Amino acid sequence: MSDPSVPSLPPALTALIDRVAERQRLDFGHMASDLKADGTLITACDRWSDQALVAGLHELYPGEGVLSEEGSQLLPASSAYWVVDPLDGTTNFAAGIPYWAISMARFESGRPVLAILDVPPLRQRIVAVAGQGAWRNNNRLQPPAWQDHPAGCASLCSRSIGVLQKLPDRRFPGKIRMLGVASLNLVSVAMGQTVAALEATPKIWDLAAAWLVLTELGCPLRWLSRSPEAIAAGTDLAQADFPVLAADQASTLERFMPWADALIQPK
């Protein structure tokens, strides 16, 4: 008997994500990469995935704008809109490291209300609905604050690792992990895989889905320079970074704050 609390995504939306995930699995290991203007990598699969998701969302949700990493990066003016990262973790994907994600979030009133994080190589799908909770492969996730974390791992991105040099006399309060996927770095806290995650330069498409998953599981977030909430329609977010610290509970957040503060201090 199915669990009535499990959110049911529209079949057409599920089919769209399934199609993109399957294409990515097929392309994995066979894609050459190019450098974008900002120095990050892109593959033909990134471009195809972006076009497929944006076109699919426009067809399924006419009138709702879409902001995507490889497409329009202007915040839509529609009352509801989508924020999409079609392939978060391109460096992993291009290097043959089987860990990347499709990140999608639907926003209303400047905040995510539906989040979908699909991890094609693991065949895992995380869904969060505002006010209802979060699930992985239809199994409800429990707040990480309810769990024991004997390993005490903490996730850093490649650009935040430099904070260790800024506080050389202080012992970093966790075993460091670098997953190479911004959305999954952050959501690792919600999943109970890490106790904290520090991201130096996430874009709105990197954090949109993870933001709701973390919120639904009671994980505190600290925006370190600016908040992604209630941004004005038409704002160009192509170069906008939203440095953030996420933690499993408030006491953990405070324990890691010295490194978060060091991250945003002038060089």
Working only within the stretch 232-267, note down all residues that are over 20 Å from Ala197 (Cα atoms) and surrounded by fewer than 16 Cβ atoms within 10 Å (Cβ to Cβ). Ala232, Ala233, Gly234, Thr235, Asp236, Ala238, Gln239, Pro266, Lys267
Out of the stretch 216-231, which residues are surrounded by fewer than 16 Cβ atoms within 10 Å (Cβ to Cβ) and more than 15 Å from Val83 (Cα to Cα)? Gly218, Trp223, Ser225, Arg226, Ser227
Output the number of residues of the stretch 73-90 satisfying the condition of being surrounded by fewer than 23 Cβ atoms within 10 Å (Cβ to Cβ), among the small types (Gly, Ala, Ser) and over 18 Å from Leu212 (Cβ atoms). 2
Scanning for something outside any helix (DSSP H, G or I) and among the acidic types (Asp, Glu), does the stretch 39-62 turn up at least one residue? no
Only unsatisfied item for Gln132, checking (1) out of contact with any Asp or Glu (no Cβ under 6 Å at 6 or more places or on another chain); (2) within 17 Å of Ala246 (Cα to Cα); (3) touching a residue at least 40 places away in the same chain (Cβ under 8 Å), is (2)
Leu186 surrounded by 24 or more Cβ atoms within 10 Å (Cβ to Cβ), at negative phi and hydrophobic (A, V, I, L, M, F, W, C): yes
Between residues in the stretch 192-211 that are in contact (Cβ under 8 Å) with a residue 24 or more places away in the chain and residues that are part of a loop (DSSP other than H, G, I, E, B) and small (Gly, Ala, Ser), which pairs lie under 7 Å by C-beta distance while being six or more apart or on different chains? Val195/Gly152; Val195/Gly174; Ala196/Gly174; Leu198/Ser160; Glu199/Ser160; Ala200/Ser160; Lys203/Ala240; Ile204/Ala240
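Any read-out appearing in this document is the output of simple, stated calculations on the displayed coordinates, not a laboratory observation. Being a predicted model, the structure only gives us computed values, none of them experimental. Methodologically, a virtual Cβ is constructed for each residue, glycine included, from the backbone with ideal geometry; neighbour enumeration extends over all protein chains shown.
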